[in-house]
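Some notes on the structure that comes next.
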Amino acid sequence: MEVALVGITGYAGMVLYQLLQNHPNVTKIHIYDHNLNEPTELNTILPIFHDDHTEVLPYEDSDIVNDNQVAFFATPAGVTSKIASNYIEANFPVIDLSGDMRLNQSDYEHWYHKPAASQRDLDQAQYGLAEFESASGHSYIANPGCYATATLLGLAPLIQQHLIELNSIIVDAKSGTSGAGKALSPLTHFTQVNDNLQIYKPNMHQHIPEIVNELQSWDINVSAIQFMTTLIPVTRGIMATIYAKTKPGIDGIMIDKAFSQTYNDKPFVHFLGETLPDIKQVVGTNNCDIGAIYNPATNTVTIDSVIDNLLKGAAGQAIQNFNQLFDYPESSGLNLQTFLP
């Protein structure tokens, strides 16, 4: 297949490009950039690709539709909301890594502070949490956010099997600095982030409504969650630590069984029982590792869910959705393994 990649200059776009280069069913990658007026070699835009003379082309939606079979958008918020209708009307396959097509109009404008796409276009987008919402049969896939992925995979068995009190969910989520993107910010200056922990966007993170919407698709009675985000001094990785009160009669054995049954046939989600994973064991992979501990003294379950925010939280899950969309083996292009000291 020939594929389009729009937005290679961000961290997720760079990782996605490398995954596409190694995908067995991708024969050519056409790269496009909204900021170019003429073709420019990739290695002059991103020196990290110093031997890559691939031309990055000025963005033009008609060229993408005519010359490719699918398009990946790794663009900032506010880009695809303006152009999604061109692809939806053409029934052209798109996998959108931005948040532009994940929410309804009012929620998007409230949480992202930008004009939303038309509700008609938003209704055509399929939320692409790959373990639960198949991309197959859809043409526009809204790839989930990184915090949302870690949190939802950690909560899914508990919500779907009605094991916890819905008004007790607390999520303490921590992310490395690449999750903040490449834009300059005082929050991510080395002097500020090094040897430091920083809470940011308290009760205001744009992934909150995305998480709640998906939880409501599993149980309509979910109304809200307590969700807090912390920036930690690592480059990649997310740890979502989730606390919830269990319903009467629920114990650790039942929780263990729920997770084991839910993820038994999911190749990228590994349930580790009471062994709580750390970030380093998933960085460089498309895996989500999950551990769960039940405290009978407080009737509280603690879930530890870890992912690489640039892979399972972005580019890797986009490849999962690509594989589902075109009926390729789920692990195609994603047999990744990292060994870190």
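The values are calculated or read from the model by the stated rules, or taken from the named source; none is laboratory data. Just so it is clear, the structure is predicted and the values come from calculations on it, not from any experiment. Reconstructed Cβ throughout: ideal geometry from the backbone, glycine too, with neighbour counts over all protein chains shown. Surface areas here come from the heavy atoms of the whole protein model, side chains and all, with no ligands, DNA or RNA. Shrake-Rupley method; radii C 1.70, N 1.55, O 1.52, S 1.80 Å.
I'd like to know if the stretch 70-78 contains one or more residues that are open to solvent by 30 Å² or more (accessible area, probe 1.4 Å), farther than 22 Å from residue 181 by Cα, assigned to a loop (DSSP other than H, G, I, E, B) and out of contact with any helix residue (DSSP H, G or I) (no Cβ under 9 Å at 6 or more places or on another chain).
No: the stretch 70-78 contains no residue that is open to solvent by 30 Å² or more (accessible area, probe 1.4 Å), farther than 22 Å from residue 181 by Cα, assigned to a loop (DSSP other than H, G, I, E, B) and out of contact with any helix residue (DSSP H, G or I) (no Cβ under 9 Å at 6 or more places or on another chain).
Go over the candidates 119, 124, 69 one by one and state the one that is within 23 Å of the chain's Cα centre (by Cα) and more than 25 Å from residue 313 (Cα to Cα). Outline the logic, then answer.
Values: 124 fails: more than 25 Å from residue 313 (Cα to Cα); 69 fails: more than 25 Å from residue 313 (Cα to Cα).
Just one listed residue meets the conditions, 119.
Output yes when any residue across the stretch 126-138 is in contact with a His (Cβ under 8 Å, 6 or more places away or on another chain) and open to solvent by less than 40 Å² (accessible area, probe 1.4 Å), and no when none is.
There is at least one residue in the stretch 126-138 that is in contact with a His (Cβ under 8 Å, 6 or more places away or on another chain) and open to solvent by less than 40 Å² (accessible area, probe 1.4 Å).
For the stretch 129-147, enumerate the residues that are farther than 12 Å from residue 288 by Cβ and outside any loop (DSSP other than H, G, I, E, B).
Listed by number, the residues that qualify are 140, 141, 142, 147.
Only one residue in 144, 115 is in contact with a Lys or Arg (Cβ under 9 Å, 6 or more places away or on another chain) and open to solvent by 40 Å² or more (accessible area, probe 1.4 Å). Which one?
115
When the stretch 8-53 is examined, which residues are found to be part of a loop (DSSP other than H, G, I, E, B), in contact with a helix residue (DSSP H, G or I) (Cβ under 6 Å, 6 or more places away or on another chain) and either at pLDDT below 95 or open to solvent by less than 10 Å² (accessible area, probe 1.4 Å) (or both)?
8, 50, 52
In the stretch 101-124, what residues are assigned to a loop (DSSP other than H, G, I, E, B) and either within 17 Å of residue 148 (Cβ to Cβ) or in contact with a helix residue (DSSP H, G or I) (Cβ under 6 Å, 6 or more places away or on another chain) (or both)?
Step one: list which residues in the stretch 101-124 are assigned to a loop (DSSP other than H, G, I, E, B), which gives 101-104, 113-118.
Residues satisfying the conditions are 101, 102, 103, 104, 116, 117.
Hey, can you tell me all the residues within the stretch 158-185 that are open to solvent by less than 30 Å² (accessible area, probe 1.4 Å), modelled with pLDDT under 95 and part of a helix (DSSP H, G or I)?
If the condition is that a residue be open to solvent by less than 30 Å² (accessible area, probe 1.4 Å), modelled with pLDDT under 95 and part of a helix (DSSP H, G or I), then 178 is the only one that fits.
Within the stretch 82-100, track down each residue that is in a helix (DSSP H, G or I) and in contact (Cβ under 8 Å) with a residue 12 or more places away in the chain.
The answer is 82, 83, 84, 85, 86, 87, 88.
Given the criteria in contact with a strand residue (DSSP E or B) (Cβ under 8 Å, 6 or more places away or on another chain) and farther than 30 Å from residue 265 by Cβ, does residue 211 qualify?
Details: in contact with a strand residue (DSSP E or B) (Cβ under 8 Å, 6 or more places away or on another chain): yes; farther than 30 Å from residue 265 by Cβ: no.
In short, no.
Taking residue 195, is it among the acidic types (Asp, Glu) and part of a loop (DSSP other than H, G, I, E, B)?
Yes; evaluated as a whole, the condition is true for this residue.
Test residue 63 against the criterion of being closer than 28 Å to residue 180 by Cβ, charged (D, E, K, R) and at pLDDT 95 or above, and give yes or no.
Numbers: closer than 28 Å to residue 180 by Cβ: no; charged (D, E, K, R): yes; at pLDDT 95 or above: yes.
The answer is no for residue 63.
Which ranges mark the strands (runs of 3 or more DSSP E) fully within the stretch 203-322 that have 3 or more residues being open to solvent by 40 Å² or more (accessible area, probe 1.4 Å)?
Answer list for the stretch 203-322: 238-245, 288-295.
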